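Everything on this sheet refers to the single structure shown next.
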Amino acid sequence: MEKVYLDNAATTPLDEAVFEEMKPYMLNYFGNPSSIHSHGRQVRAAIEKARKKVADLLNTSPSEIFFTSGGTEADNTAIRCTVEEYGVKNIITTGLEHHAVLHTVEMLAKRGDVNLHLLDLDPQGRVDLNQIDELLKKDPNTLVSLMHANNEIGTLNDIDAIANLTREHGAIFHTDTVQTMGHFKHDLQELKANFIVGSAHKFHGPKGVGFLYVNHERKIHPFIHGGAQERNMRGGTENVYGIIGLAKALELAYSHMDEHRKHIEGVKQYMIDQLKINIDGVEFNGTSADLDNSLYTVLNVSLPPSDDNDMLLFNLDINGISASGGSACSSGSNVGSHVLTALGSDPMRGAIRFSFSRFNTKEQVDYVISKLNEILTIRV
Ligand code: PLP
């Protein structure tokens, strides 16, 4: 078997059609989009066309889409600029957020700019809307930052309900949609969020490019100062071919979403079934094994407790299988998964995140299961 790539939540392979769309902007159309001559204007027009494409897909206005270097920058911009612009004094979030959010809000709290409220979670990592409501009643001068889907355990937040609740209180809502962008439909006329984000490499686009949606009702000041790019919101010559690729990748993702989803769900369900048949005591983290209530690209698996669990990913890698993961941190250690640690998972259980794309097959799952069986048999 050739190599098996099951780490699509980390990054996805670039779609060839996306590359073809980008190529002319690497080779032929090299003008600086800020230049006023024809070489520049041609490229500027392509960027604005890409912006319009993204805005149309998300059912919003191009004036609310700002291209960034990726999800991390978009999250940082939304959070840091909101706190500064609106004098926000509280941030409500959870310990399960991606570090792009968690480390940012922790830094703001450490500096004394905000009070941090980490929500209680159920064992699957779900929040309770009543708790958010209670906190917002106490002080609506608050930024709520909750991810749409957790990148490790696939648990989904009901961002429509959270957005409506936040809005009722006059607070601000940022949601890290990096893992759902291109995999779920986002309709920004329906979703009342102030900020959502995207990162092209999570939906078969290029790395190092993403975007931030800023709802027009709550504008923010620039995060990166410099030139007048992105309508004065982000200085720096644009990642032109990245932006072209992002728009194409999102377009392809939207036009085939149902078909890709059906395929990926079939592969994921097959893996769940095979793991249950083959591995005694296997467990699934978050809601990832519940197809109707999870990020369908992610399956987080806990294997039976063993001292050898540290070697799991390494042993899979030796067999050409790329996955990721990490157990909860054992006491005194700060390596491992901050998500599983926050959920109180057993550090002795090896956790592996398998994450799928449309390129994965059931035959690959069979291969992974056979190798997992070998690895687990040898160590007993
Ligand atoms: N947010 C989430 C939920 C992610 O999964 C990631 C990527 O792993 C990011 C943010 C960061 O995105 P980027 O790699 O584009 O900076």
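Listing for the model above:
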read-out: Residue order, fewest to most beta carbons within 10 Å, for H183, H256; value: H256, H183
read-out: At q = 0.06, 0.09 Å⁻¹, base-10 log of I(q)/I(0) for the chain (Debye sum, equal scatterers on each alpha carbon); value: -0.24, -0.54
read-out: Cα-centred dipole magnitude for the range 16-255, charges only on beta-carbon of K, R (+1) and D, E (-1), debye, nearest 20; value: 880
read-out: Residue-wise HN-Hα coupling along the range 350-367, computed from phi with Karplus coefficients 6.51, -1.76, 1.60 (Hz; x: Gly, Pro); value: x, 10, 10, 9, 9, 10, 10, 9, 5, 8, 7, 9, 5, 4, 5, 4, 4, 5
read-out: Net charge, F223 excluded, C-beta distance under 12 Å - Lys, Arg +1, Asp, Glu -1; value: -3
read-out: Three-way shape call for the range 287-370 based on the alpha-carbon gyration tensor, with the a/c threshold at 1.5; value: oblate
read-out: Ordering of 354-366, 126-138 by burial proxy (mean other Cβ atoms within 10 Å per residue, highest first); value: 354-366, 126-138
read-out: Of H39, V144, L121, farthest towards positive along the dipole that unit charges on Lys, Arg, Asp, Glu beta carbons give the range 1-148; value: H39
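None of the figures in this text is laboratory data; all of them are computed from the coordinates on show. Given the structure is predicted, the values throughout are model-derived calculations rather than measurements. Neighbour counts are summed over all protein chains in view; Cβ atoms, including those assigned to glycine, are modelled from backbone coordinates with ideal geometry.
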